[in-house]
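The values are calculated or read from the model by the stated rules, or taken from the named source; none is laboratory data. Note that the coordinates shown come from a computational prediction; the quantities given were computed from them, not determined experimentally. Here Cβ is always computed from backbone atoms with ideal geometry, including for glycine, and neighbour counts include all displayed protein chains. What goes into the accessible areas is simple: the full protein's heavy atoms, side chains included, and nothing from ligands, DNA or RNA. Shrake-Rupley method; radii C 1.70, N 1.55, O 1.52, S 1.80 Å.
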Amino acid sequence: MHRDFIKTTGNIVRLNTAMLFLAIVIGDVRAADLAKAQRLAESGQYEEALQEAATALEGNIYYDRWHVLKAEMELMLGRWSEARATIEAGLSKHKNSIRLRWLGREAFRRTDDPEAADRMQAEILKEAETAPWRYSDADNLIVLGNAALVLGVDPKDVLESLFERAEKAAAGSKAPPRAMGQLALDKHDFKLAASTFRRALDRFPDDADFHYGLASAIRTSNPEESAAHLQQALDSNPRHIPSLLLIADRQIDAEEYDEAELTLMKVLEINPRHDEAHAYFSAIAHLQNDPEAESKHRDQALASWSTNPLVDHVIGRELSQKYRFEEGLAAQQRALGFDDSHLPAKRQAAQDLLRLGRVDEGWKLADEVQQADGYDVTAYNLTTLRDEMSEFTTLEDETIILRMHAHEARVYGQRVLDLLHRAKEHLCQKYGLELTEPVTVEIFPDPADFEVRTFGMPGIPGFLGVCFGKVITANSPASQAANPASWEAVLWHEFCHVVTLQLTRNRMPRWLSEGISVYEERLADPRWGQAMSPRWRERILSGEMTPVAELSSAFLEAESGEDVQFAYFESSLVVEYLVETYGFEALKSVLGDLSMGMPINESLPRHTEELPAIETGFREFARREADDLAPEVDWTTPDLSGLLNEQDSEPLLREWVADHPGNIRGLSIFADVLITNERWDEAKHMLRRLIDLYPGDTSDDNAYRRLARVQRRLDETDAEVETLEGYATYDPDATDVFVRLIELARERDDREALKRNAGRLMAVNPLTPIPHSALAFAAEQEDNHASAVTAYQSLLDLSPNDPATVHFGLAKHLAATGESEEAKRHSLQALEVAPRYREAQHLLLKLTSIRPAEDSVDSSPQ
């Protein structure tokens, strides 16, 4: 009996071992089949992957992965009801599956069953609480993390406790870095998102999701690399929907609406019900003034989930990216009407309100987002900025609200207001705009604060100012130490945007908006805006211009800073051509059409000519302008290295220049050789020849600068002044030239030159004492007490080296204007610094009606 038991037991053991081996083999085969199906999905062969899953489910399946894959593919293809049926069938077999429940939450919402979707979310939490050990693998930890985010758990806790734990649990899995990177993207933590996706690409270089994620993270900071990663994503998966949507988004930004629609059609070929694709179509229709198509696509986007907040959020976000903030805000408010906890819509609405000048409402919404989600980087940046702006001073009147740092407002705030009023009076009258509410202007000494206020995040350099229509944001001169630019030109440019954007109700293409602003800069001051230059001449004559109909794309698709600047210049040249050829009234009529929603390419022919004729005429005009730049100059760049390598190159170069009297490159090289050899008279002659050939040269070491240095060395002061004044009429940003001219004006007691160059310097950098000191000196000489008070008050805010003299100067001129109490205060402050300051003592005694004692005191501050 014992022998029979042992035999039976042995047979059972052998049978169980064989069954276990068979199960392992079958499991390996099924795992291989699953991996194959997943590869099909990752390469965009969604229907094939779905078929693989359906075939596998015809057999006995002991785990939920095939149901998960099948449901994922059905959701990808927009087959909502089939996905729901797959999930329900899967849950009948895999009752504890939270992955199926997470997909069920999506499928039930897509079939307009929010109660069932909420039930899926609740069951995920219940399952996790009941048997947490069951969900310790990477895929389930990711589901738990996403469910926790829906509940409002701190995203950083989710990241550290669940997603990072999942990554440790399955180092070879794509799911954890995908979830971690997406979370960072959702929270606008683009730096973390980029680093996460870069690490993932080191392990999975062909993964479309990771290339797309990196492209999204660096879209603003590195658009060229972003475009390359988008292409790599599509190389791996030509039907990768997120990448196609991002490309469509970029095309909309570039006003390439036809191309964007073709891209979106690729998405709808995969999933005819895709809500975001239809939302994009709706936004395009809105931008093209097609309300019927706009409504149709919005209805299609909401057809299966009638309260989906994402639809109106996407529509509104796209409208706001095109500066249609009123309409964008209305869309975000519709989204919040569907779900008032939808933080992306609330965050975008906050930014829209701030850009519309409704700052109290905007800050309130930003604070709500930050309190609900402490990880939201944009909300955190905005609320931090709000606290920093509490130190700003507001200067306002009936038409301008100016916010600046208190220190800067005291130094040059009134000058800013005066400039803005000049711009308003001139431009509003010229274009026929009557402002109905004040324009808000905010000037930031910290470029990071400007970037947060303007874009929601720091790290987006390259902008001096931005106009949203009713609000202007600008960098202050304090942020431009290395590359100074005229803040007056910047604010004139931006106020022109105020006029044209309000005239068109923000319905104008970027090229026309920027083109008019640069054009009006040049009209206001020939030194402002962009002028024809040798580089622009070369680009025009070599055929590098963008067609007028596509000109807005030149800003987005620029591969360098030069490309962006050329887009500005070409746009302004188109405007100049239109005005000179068809008249200013034609331009105003086009702006009127745009305000009614008419596309630019339909409006232009109504008031000018058909687009082909405009293109041809503009190209001819641009070439004439290019040819007219210094027409006597030979612009070729000769190779003179052979002559320069000779021991005595001067006579050889002299002979070469005689044979090539217009070659600006050769003349410049010869001038340098003459300066090195101290041939001063001949060098001056050659430099004057260069100036005569090309008087508008503002390159770094142009002939004006070199000639002035030679004249200074030779103590030819009158000639140096003439040279530098000539140069100052072309370059608005030459602060070192203005400083030198101020020095020379003081030496020569030339008050008009002193005031003129102090004004030029103030227009670039009012935060240096030099122009204020110059204006104080000129006011002293002219007994202009009001101007002296203004100059001395500004000097005090700039921490002068000799505060006693500044306090006394201010006190003296305050006394002359009848401000006795203030004059006393500043006299006392002068004496606090220099107690033996005789003139301050006498002024104080005079102000207090006390006769001075006849003792000996110093007459100067000590």
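Considering only residues that are open to solvent by 30 Å² or more (accessible area, probe 1.4 Å), touching a residue at least 40 places away in the same chain (Cβ under 8 Å) and either under 17 Å from Ile315 (Cα atoms) or aliphatic (A, V, I, L, M) (or both), which ones fall in the stretch 262-286?
Of the residues in the stretch 262-286, the ones open to solvent by 30 Å² or more (accessible area, probe 1.4 Å) are 262, 265-266, 269, 272-273, 276, 286.
With touching a residue at least 40 places away in the same chain (Cβ under 8 Å) added as a condition, the list becomes 272-273, 286.
Arg273, His286 - these are the residues of the stretch 262-286 that are open to solvent by 30 Å² or more (accessible area, probe 1.4 Å), touching a residue at least 40 places away in the same chain (Cβ under 8 Å) and either under 17 Å from Ile315 (Cα atoms) or aliphatic (A, V, I, L, M) (or both).
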**Failed item, numbered, when Val314 is tested on (1) free of Cβ contacts under 8 Å to residues at least 24 places away in the same chain; (2) in contact with a helix residue (DSSP H, G or I) (Cβ under 8 Å, 6 or more places away or on another chain)** = (1)
**Request:** Considering only the stretch 505-556, state which residues are open to solvent by 50 Å² or more (accessible area, probe 1.4 Å), closer than 20 Å to Gln251 by Cβ and in a loop (DSSP other than H, G, I, E, B).
**Result:** Pro547
**Request:** Working carefully through the options Gly78, Gly145, find the one that is closer than 25 Å to His240 by Cβ, within 43 Å of the chain's Cα centre (by Cα), outside any helix (DSSP H, G or I) and touching a residue at least 12 places away in the same chain (Cβ under 8 Å).
**Result:** Gly78
**Message:** Given the condition polar (S, T, N, Q), out of contact with any Cys (no Cβ under 9 Å at 6 or more places or on another chain), farther than 25 Å from His405 by Cα and in a helix (DSSP H, G or I), answer yes or no: does some residue in the stretch 757-775 qualify?
**Reply:** yes
**Prompt:** Out of the stretch 57-102, which residues are in contact with a helix residue (DSSP H, G or I) (Cβ under 6 Å, 6 or more places away or on another chain), of a type in the set (Phe, Trp, Tyr) and within 21 Å of Leu125 (Cα to Cα)?
**Reply:** Trp102
**Request:** Can you tell me which residue among Gly617, Gly583, Gly662 is small (Gly, Ala, Ser) and over 27 Å from Glu544 (Cβ atoms)?
**Result:** Gly583
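Yes/no per residue for (1) touching a helix residue (DSSP H, G or I) at 6+ places or on another chain (Cβ under 8 Å); (2) surrounded by 23 or more Cβ atoms within 10 Å (Cβ to Cβ); (3) acidic (Asp, Glu):
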| site | (1), (2), (3) |
| --- | --- |
| Ser341 | yes, no, no |
| Leu356 | yes, no, no |
| Trp363 | yes, no, no |
| Asp367 | yes, no, yes |
| Gln371 | no, no, no |
| Gly374 | yes, no, no |
| Ala379 | yes, yes, no |
| Arg386 | yes, no, no |
| Glu391 | yes, no, yes |
**Message:** Show me the strands (runs of 3 or more DSSP E) entirely contained within the stretch 368-448 in which 3 or more residues are β-branched (Val, Ile, Thr).
**Reply:** 439-444
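For the stretch 168-223, which residues satisfy the criterion of being acidic (Asp, Glu) and within 19 Å of Ile460 (Cβ to Cβ)?
If the condition is that a residue be acidic (Asp, Glu) and within 19 Å of Ile460 (Cβ to Cβ), then Asp189 is the only one that fits.
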**Message:** List the residue pairs whose Cβ atoms are under 6 Å apart, where the first residue sits in the stretch 560-584 and is more than 17 Å from Gly529 (Cβ to Cβ), the second is among the hydroxyl-bearing types (Ser, Thr, Tyr) and open to solvent by less than 50 Å² (accessible area, probe 1.4 Å), and the two are 6 or more positions apart or on different chains.
**Reply:** Tyr582/Thr608
**Message:** Cβ-Cβ distance below 7 Å, separation of 6 or more or different chains: which pairs start in the stretch 194-222 with a residue that is more than 16 Å from Ala41 (Cβ to Cβ) and end on one that is among the basic types (Lys, Arg)?
**Reply:** Leu214/Arg198
**Message:** So, in the stretch 182-195, how many residues would count as being over 21 Å from Glu224 (Cβ atoms) and in a helix (DSSP H, G or I)?
**Reply:** 5
**Request:** Check the stretch 685-694 and report whether any residue there is within 30 Å of Leu796 (Cβ to Cβ) and assigned to a loop (DSSP other than H, G, I, E, B).
**Result:** no
**Fill in**
Checked the stretch 323-339 for anything open to solvent by 60 Å² or more (accessible area, probe 1.4 Å), assigned to a helix (DSSP H, G or I) and within 29 Å of Trp511 (Cβ to Cβ); matches are Glu326
**Prompt:** Going by the structure shown, is Ser306 in contact with a helix residue (DSSP H, G or I) (Cβ under 9 Å, 6 or more places away or on another chain), closer than 20 Å to Leu75 by Cβ, among the polar types (S, T, N, Q) and crowded, with 20+ Cβ neighbours inside 10 Å?
**Reply:** no
**Request:** Could you tell me which residue of the stretch 595-654 is farthest from Gly583 (Cα to Cα), considering only residues that are among the aliphatic types (A, V, I, L, M) and open to solvent by 70 Å² or more (accessible area, probe 1.4 Å)?
**Result:** Leu644
